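Worksheet for the structure shown next.
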Amino acid sequence: FSESLEIIEKLLQKEPENQYFIYEKNYILTKLGRVTDALKIIEKELEKNPEDELLLKNKIFLFNYEGKSKKALEIIEKLLIKHPNDEKLIKSKIYTLNALHRQADALEDIKKLLIKHPNDVSLLNSKAYALVKNSKFSEATNLIEDVIDTYPNNSFNIASLFARILCEELPKGDNHAFLDSKILKNPN
């Protein structure tokens with residue numbers, strides 16, 4: 001990425017207004033962890049075109065990366081007014097709401113998306129997390145059990161889902177009994 005940045009810098013010297021090069025520089029800076037520099041580019045470009053949705057989406061990502069989830073949520077909500085059915089934006093909203101510890105609000109959006117995509121393991125993972133954070137342990141446990149039964153070979157996602165329960169407030173004894181029952185049912 002460092003070498004790519006050097007090339008992009010040279011190209012931008014020749015064509016300072018080339019949007020592709022600007023977006024690419026922003027991407028490279030983000031990959032290099034230079035979030036402040038990437039945000040400066042976004043701010044400068046948004047002064048020229050405040051409605052540039054690609055830049056706004058990048059800004060959401062960078063705000064979330066920096067822990068500025070309230071600012072990210074403001075942008076997401078503005079974009080959702082224009083595009084209320086944009087599933088990527090809704091997923092970004094779910095992530096941001098979880099970061100803000102607003103799992104009850106996230107759960108509403110998760111449920112809406114699960115109507116369209118009932119087998120989306122990522123959404124199911126988010127739902128399990130939100131349920132646990134809302135102290136709905138038995139509902140979360142039932143969800144995880146359903147996922148394990150439905151996707152017996154998808155062990156990474158199952159482990160991720162189950163970790164949400166194990167690492168939270170559900171009593172350890174219940175977790176171990178649940179896990180033991182799943183292992184006995186499917187030792188693989």
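The values are calculated or read from the model by the stated rules, or taken from the named source; none is laboratory data. On a predicted model such as this, the values are computed, not experimentally measured, just so you know. Here the Cβ positions follow ideal geometry from the backbone for every residue, glycine too, while neighbour counts run over all protein chains shown. Just so you know, the surface numbers come from the protein's heavy atoms only, side chains and all, with ligands and any DNA or RNA stripped out. Shrake-Rupley method; radii C 1.70, N 1.55, O 1.52, S 1.80 Å.
For this structure, a couple of remarks:
- First in segment 55-83 and more than 12 Å from L39 (Cα to Cα) and among the polar types (S, T, N, Q), second anywhere and open to solvent by 30 Å² or more (accessible area, probe 1.4 Å) and not in a helix (DSSP H, G or I), Cβ under 7 Å, 6 or more apart: S69/L100
For (1) over 25 Å from I75 (Cα atoms); (2) touching a residue at least 24 places away in the same chain (Cβ under 8 Å); (3) touching a strand residue (DSSP E or B) at 6+ places or on another chain (Cβ under 8 Å); (4) open to solvent by 90 Å² or more (accessible area, probe 1.4 Å), each residue gets a yes or a no:
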| site | (1), (2), (3), (4) |
| --- | --- |
| E3 | yes, no, no, yes |
| K10 | yes, no, no, yes |
| Q13 | yes, no, no, yes |
| E17 | no, no, no, yes |
| L29 | no, yes, no, no |
| I41 | no, no, no, no |
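- Checking I144 against (1) in contact with a helix residue (DSSP H, G or I) (Cβ under 8 Å, 6 or more places away or on another chain); (2) without any contact (Cβ under 8 Å) to a residue 12 or more places away in the chain; (3) farther than 29 Å from F63 by Cα; (4) not aromatic (F, W, Y), the condition it does not meet: (2)
- Selection status of I90, crowded, with 16+ Cβ neighbours inside 10 Å and either touching a strand residue (DSSP E or B) at 6+ places or on another chain (Cβ under 9 Å) or without any contact (Cβ under 8 Å) to a residue 24 or more places away in the chain (or both): yes
- Residue ranges of helices (runs of 4 or more DSSP H) in segment 1-99 with at least 3 members within 20 Å of the chain's Cα centre (by Cα) and among the charged types (D, E, K, R): 53-65, 69-82, 87-99
- Among the candidates H101, H117, H83, residue that is in contact with a Leu (Cβ under 8 Å, 6 or more places away or on another chain), loosely packed, with under 14 Cβ neighbours inside 10 Å and farther than 30 Å from I22 by Cβ: H117
- Criterion (in contact with a Ser or Thr (Cβ under 9 Å, 6 or more places away or on another chain) and over 30 Å from E51 (Cα atoms)) met by exactly one of E145, E139: E145
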